[in-house]
Structure formats: C-alpha cells, structure tokens
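Please read the structure below before turning to the comments.
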C-alpha cells in the first residue's frame, strides 16, 4: 500500500507549469512538457504525489521487478478501494501521461470523459485554432481510398524457359479441368507446377480459350484486403485484355476501412459480379502456400462453395491448402495434379537432355539415362541443376562424377546449390549473387546501389546462362531469383557476409527504393534490416500526406507497426494513431485487437498528447473521430457523441472522410437516443462529405440511415425515395449487405401503406440476402416483419409458434438487442390474442432482462407503449393517459412523429374508454390530418375494430374533402380485413363501455336476436318510447341506420 511521500508535483496556474515541492516547503523550478529536467528529477525518486490541472490527485511509485528492472505504478483510493494502474519505465512518465492516469484514477479506473479530456488538453482559442489549421499539411482528403500500389508484374505468369518439353498428358488433364470448380497442383519446389500451367496457357490461349487472370502471391498478401484487391485487379485486367466489359472493384469505390467491408461481403460482391459475366474465365493463384491467414483461407472456401460456372480456380502450392477438399472430391469438383504426376518420365527426361544438349547424344546411353532417372526421380529442378553442373564437362567420368554429387533428393539442397553451382562461379559473380539475394526483385540500378559497384549487364548475363533468374513479364527491367535458388543464396549470404553486412545491404536497398518512389518496398527492406528508426520515418512519410480513414491496407500497416519497439512508437504520435487505427480496422467485430505492442487506449492517449503539444488539431480530430467510433461500438454512447462533436471542431473542412466518419457516428448516436432531427442533420452532412470524396459505399450507407430516420419521422415517401436510391446503388455495385437492408427498409414502408404483396416481395429479397450473408440480425428483422404481416392477414395464431422458435434460435447473452425486440413483439401479439396469462409475464421478462443494459430509445418507447396497452386493457385509464402525455411530449420534441401518431391513437382509445367520445374524436382527427399526405394505413388497421368504429363516427364531423376521402379509404380497408382472433391493443369486452351503456348493450343483444321494439320493452320492463330512443342512440354510436347493420357491427366488435 502506498505510503505518504514527501515529493509533490502539481500544476501551477500562476507559473503555467508544473511545480515540485518537498515536505510542503521548498519550490523547485517549474517543469514544462519538454521535460529533460523532469526526467532527471524522476531518476532520483522512488515515489511522489501528483495533482493534475483539473485537481485530480494520486500517487506514483517506482517498484522493482525481476531482473532488476523498475516500473512506475499509479495509486489512488476511491470509496475505500485502492486502485492501481501500470505506467511503465521512467521514460514513459511524460507529463501528459501523468495527467491522463490521474484523471482515469479519479474516475474510478475508467478513461476520463471527453469533456474532461478536452479540458486536460488546454485547447487554444478559436482564432489560434484557425491559424493551426492553416499550417496543417494537406491530408489529401478528397481521395476516396488510399491503397498500396499493385505490382503489375505479379499479374502475369513468369516467362517460360527456352528448353521446354511437351507434356501432352498433363496438358490434356488441364484441358478437362475447367469442368470442375478447382484445379489443385501440389508438389514440392522445383517440380514444374508453375511452368506446366504457364505452358498450358501459352499453347492454348487462342480461339475460345477462357480469359486468364493470374496472381503470383507473396507473404505480404496475408493482408486480406491486399489479397482480394490483387484478385479483383487480375480479374479486371483479364476482362479488359479480351475487350469485354469489366466489373467494378469495391476497392475503387471505397468503403472506409474503419467500418470496413467485411471480407465475406467483399467475396459475395466479387461472386455476384462474376455471375454477371457470360464469358468463361480462369483465375490462377501461384504460390498459394505463402498464405497463412485463416481469414483468407475461409474466404476462398466460401468462394469455392458459391463459385459461378463461368469461373474456374487454379491453385498452385507446395502444400495442401486448408480448404474443404474432401467435399469437392466427393462432388467431382476437384482436379488434382500431384508431385507423382509432375515427375518426368524416362522419355521426358531423355527429351529434356536432348533439347538442352548438355550431354552429347553419343554419350547419352540407355544405361546413363536410366541412371539419371533413378538418381533424380523425375525431379525437373534436378535436371536443370544437372545441366548447369555439366556445363563445360563432356567426358564420361565428369558426367558420372556430377551425377554422384547430385544424389537425387537425398543430399541437402542448400549444400548442393552452394558447392556445385555457386562455387563454380567467378568470385565477382558469387559476391554479386550473395549481396543481391536479399532483394524481392532486381533491376540493374538497384543491384548497383546494393552491391556498391556498377555491374554492367550482370542480370542479363545471369539470364543467358540460365542461373535461376526469371524475367518478370510486363517489364523488361525487373527480374527475380527462382525461389529455391534465392533461399539457398540468402542462407549462404548470412553465413559468409555476417549480420552487420546484411543489415547494410538492406539499408542500401531501402534507400534506393525510397529514392525511386517505392515506399512500401523501402519499408519492407528497412524492417528486414532491423533499421526500425528509418522504417518509422518511412511509414510516417507514407501516411502523413493521406487521411488514415482512406488507408485501405490496414493489415499491412498493422504488420509494419507491430514490429516497431514501443519506445520508438512513443516518439511518433502519428504512428500511435496509425497503430490504434490498424488495431481497430483489422478486427472483425470493430473492437480493437488486444495483441498490439502498446494497449489501444495508451496509443490513443499518446497520439492525442503529441498532437496537442504540436498543435496539430487536424490529426487530433482524427484521433477523436476514431475514439468516437470505438466508443459507439462499445455502447459508450455519451462518450461517442462527445468525441464525435469534438472531432468535428478540430477537423479541417477539407478533411472530408474523417468528418464523414465523425458525422456518421454522431448521427447513429442521435438515432440511438431517439433525437431524429439531430440524426437527420448529421447524416445529411455525412452524405455530402461521402459524395465529395466519391465514396459510394459511405454514401449508400448514409442513404440507408436517412431512409430509416425519415420512416421514424413519419415521412414515408421520403423514406422510400432514400431507400430506393440506396437499393439501386447497392444492386449496381453488387453490395449484398446494403441491398438486403434497403429491401428491409422498403418492406416497412410497404407495410405502413398496407401494400402487403409488395411488403412480402421485399421481405423475400431481404431474407434471401440475410441467409446468403449468414447475417442473423437481418434474418431476425425480416422474420419479425413477416410475423406482423401474418397478423395483418388474420393469421395471428400461426405467428405465435414462430415466435417461440425464433426465441429458441437466439442467444440472449450474444444478441441482447434482438432478443429484446422479439420479446416485445411477441408480447404485443399475445396481447392481440387476448392471452392474459402469457402477456402478463412477457413484458416483465422484457423489462427485467439484463438490467442496466443500454438499449435504443425506440425499443424502450415500444416497451412503454406495450405497458400502456396492458394498462388500458386492465381499466387503468388515468395511469395510461398520464404516461401517454409524457411519451407524447418527448416524441414530439425529438421529432419522432410516427411514434407520436401511435400515441395519439392510443389516447383516442383511452378517452373512448372514459366515455369522452369527443376527446377521442379530437385525437383521431389530429392523426388523420397529419398522416393523410403520407398515406398511412396499418397505423390505424393494426389497432383493430374499436378504431374502425371511432373512425366511422367521424364521418358526420369532418368537413375537409381530403380528410373525408382519406377516412373513406381507411374504412374500406377495415371492411376488407379478414376475421381476427381479437382486436389489438384493447380487449373488446373491456372497450364496449366506451361506446354503449350497459342498458344499450342489453338492447343491442335483443335487437340482434330479432326481437321487435315492443318485445324488447316488455322484457326489459320499460316503455317502447325509451327503447326507440336507445335504438337510435345505438345506431348513432355504431354509425349504422338499420337493425341488420347494427347486428353485423356488433358481431364484428364482439359485443354480442
């Protein structure tokens, strides 16, 4: 437990710095944020107390750990509980960090609220803020999405060697392969997998041969976004090369990576786009064994399951990929070529040796040929090694010695490469090969920079002698070493040159790539050479001119930054922000990954403190926009809204994408809290920003949000317009996720108009999309509306078992919001069925489920209305009206007009129960006037025959033609309704007193039984004049003019 300490550090407003006092007496010089003296002071201490600018206080103590290392911790006692927070080493104790820890401990161990954090940052005044904005570098915010460059050479198969033999049997197998989904070539290195496929394409690529899309993969393609961008680009290029119309890549139209197109959605969009193509296409992925990311394997498996018949996939790999191969085999959808198939036959070995001319025909005896075949076992790379070894060797003894040295596959390949091939080269060439082996690709200027010598035409000479150098198609200047050869050279280079020389070579390569404009290659070289400081500078150089929100290769950014030491990260606020961004963007559920070098919150705090110190408000705004997005995802709604608002204050107007993200978050938060006017304003501004940057994904998503907001505002026509626009864009760009949600929104609009056929069609489309995407939320929302349509068709009894099945499918702990929605909807249905026992408990289950959990305002409002309906049914009219007035005021203030109109109708029903018919009519007339222009139908129809009776009573009271016409349409709709199990909202027996007195009910029942007025008078022992007056009153209240009509209405209202 921390003891009282004599040293005290606190903020001085008078001195505008941090003062140190010892034993409450001497005051030392003031520390500033530059802090060299501060670090010296810390070095001599083991503990000190601290008071922040806002007055938050705590104690910091240095504690010794294992191996003699010392770390600082912060302590504070809050409500009798001792809180402890890890800080780090002395170098980590910056003054902004002390402020942040003090505020966190003061808040009970949670991060300070945004308002507290803002005060902590001591913002400059508005005029100064504008000046800072003018000095902020251009962030190039108008581009929709920044993407790492695609290396065009990787989209072409490698050049075929000159000495190529025909392999008709294997080519014939490849000819038949496109009838299946997948062709898989699996064999160790050097068996000629890539050469065979390249040969097949070259010899067959004419006439009706499919368009070919080729991707040569490398380890950097374990970034899922980069992997799929290469696939999209390859498919586009192959379509363009054949003169066919190409489909649009989702990467070219943006979808900001913070929100991220889910990988499965990307694959679905790709499959949908391919399905639109009528021509056959081959997609070939070479070196698939370098892919280790499970997300990519899962996406390929999903693609194979849904692959259109126009596409055939070919995978070339050294190992079996983790794909559902057994299922493909069982369905005859897999063509496999293995190492056994690829081994050269005796005849092919003979043809190869004759073609190369390595062994004179006079010396190539059958015995020697058999010996070579036995030693090499048909290994193609072994044959090439043999031809290199036998150069300048012609005697029988030399040939036999070379064969003895090779020893087939039994001798270590590394050893053979070095001793038999590398050492046979000149010393100059050996030096060149070893020093350039670190390079992923080669050109003459790059090799000269790395080796420090002008080597002339070294690469061309290596290509001529066939020394495992491949020229990359699409460029005459770039080459790469064959993989086995490169691996052997790198291992030998590390052994002979030493670690420091290798680091120097990587540094030279990095600087050459940097000067040539290949920043990503420069970063890779610096990281491999462990020059982390230079790598950090290069990453800053790459991301500084762009908006992080437009940086689509977040996985690559994450891979770079996780290699940097924590101390180096702390020196670069932009890298801290980038790391926090990458941790978020790489997460499937939008929650920050936990595997970072530094904790997510510390990264953001370091970034914010650094940007504040540099007065870089634009980047500070980015940090708060990111913080707002994470807070919303973690359901910290107040912090999300506050951070988004602060981000909008700091972000420059030209920073379109981050402003769009902050506005989108603010809009969602406002919608969550039911503030529709504010939500609409935020979404409209966000939509404008998305359109400026050309991000159709962001535009589409915002249009969907505007459609939902407009629907809740009661503007059905505007909602339909927004949703239809979003649907058209989503279908055009093959975005299944947005397509499904647009159909769902339109289904709600059609339901409100009572166009049940159109509603069912839209629900069918939305439901199919939900199943295709495995989107549980979309499937549940679709089924809930389907169940409402069942009830609207008079089939409420059929809906109840489906509710039970739906609840059984959901997991309350994992889908609390969906579970609660289903419970509320089920309770409303049970109320409609007059199921007293079940509906008594259903709302309680809803209300008590997961106490303290935050839910959207609309769901809370629907539950409140459900409780009011139960009060009305139970006769607690005054309590119901009291609650309705409160809800109505809140709904009108927030712009929730659709909810307000539902409340109006419930108030009409409540006043009718109190026999205040004129008040009931008043509320109904108000609703009719406000909903007429939007064509609302189900708002009235779902409330059942009691509302129908009230509406009929309005005919004599309405004077406006438009309102009368609307009323007539509603009454006709009521007349065409199917028979229902019971009226929604109110029990009919409990509602009859609102219209007919007990005596009138007795008269009505006898009248319906066929008794005359005189007979009724005798039975009830009253005068016939009294009966006549009561019958006329009944006619007036039921809005009829004869006995037969009165009887029919009475039966419809269950009054008999």
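Each reported figure results from applying straightforward, stated rules to the coordinates on display, with no laboratory input. Source: prediction; values computed, not measured. Backbone-built Cβ (ideal geometry, glycine too); neighbour counts: all protein chains shown.
Stretching the chain fully between residue 78 and residue 933 yields a gain of 302.0 nm (0.36 nm per residue, less the alpha carbon separation). The simple Förster model, with R0 at 22 Å and r as the Cβ-Cβ distance, assigns residue 795 and residue 973 a FRET efficiency of 0.80.
How would segment 152-342 be classified by its alpha-carbon gyration tensor: rounded, prolate or oblate, with rounded meaning a/c under 1.5 and the a/b versus b/c comparison settling the rest?
Details: a/c = 1.55, a/b = 1.36, b/c = 1.14.
Verdict is prolate for segment 152-342.
Between residue 808 and residue 721, the modelled labels are 4.7 nm apart [label points 7 Å from Cα along Cα→Cβ].
Could you tell me whether segment 621-679 comes out rounded, prolate or oblate from its Cα gyration tensor? Rule is a ≥ b ≥ c as square roots of the eigenvalues, rounded for a/c under 1.5, then prolate if a/b exceeds b/c, otherwise oblate. It is oblate, given that a/c is not under 1.5 and a/b is not larger than b/c. Exposure proxy for 462, 663: other Cβ atoms within 10 Å of each Cβ, ordered fewest to most, give 462, 663.
For 657, 907, 729, the sequence from fewest to most other C-beta atoms within 10 Å is 729, 907, 657. Computed from label points 7 Å out along Cα-Cβ, the spacing between residue 370 and residue 499 is 5.4 nm. Label point of residue 487 set 7 angstrom out along Cα-Cβ; within segment 187-201, amide nitrogens under 17 Å from it belong to 187-195.
If R₀ is 56 angstrom, what is the calculated FRET efficiency for the pair residue 345 and residue 515, using the beta carbon separation as r and rounding to 0.05? That gives a FRET efficiency of 0.65.
Residue exposure proxy: 722, 416, ordered by other Cβ atoms within 10 angstrom of their Cβ from fewest to most, comes out as 416, 722.
Note on residue 327/residue 175: beta-carbon distance plugged into 1/(1 + (r/R0)^6) with R0 of 35 Å gives a FRET efficiency of 0.90.
The simple spin-label model puts a point 7 Å past each Cα toward its Cβ; for residue 882 and residue 1025 those points are separated by 4.6 nm. Label zone (residue 614, point 7 Å along Cα-to-C-beta; backbone nitrogen cut-off 14 Å) within segment 523-559: 536-548.
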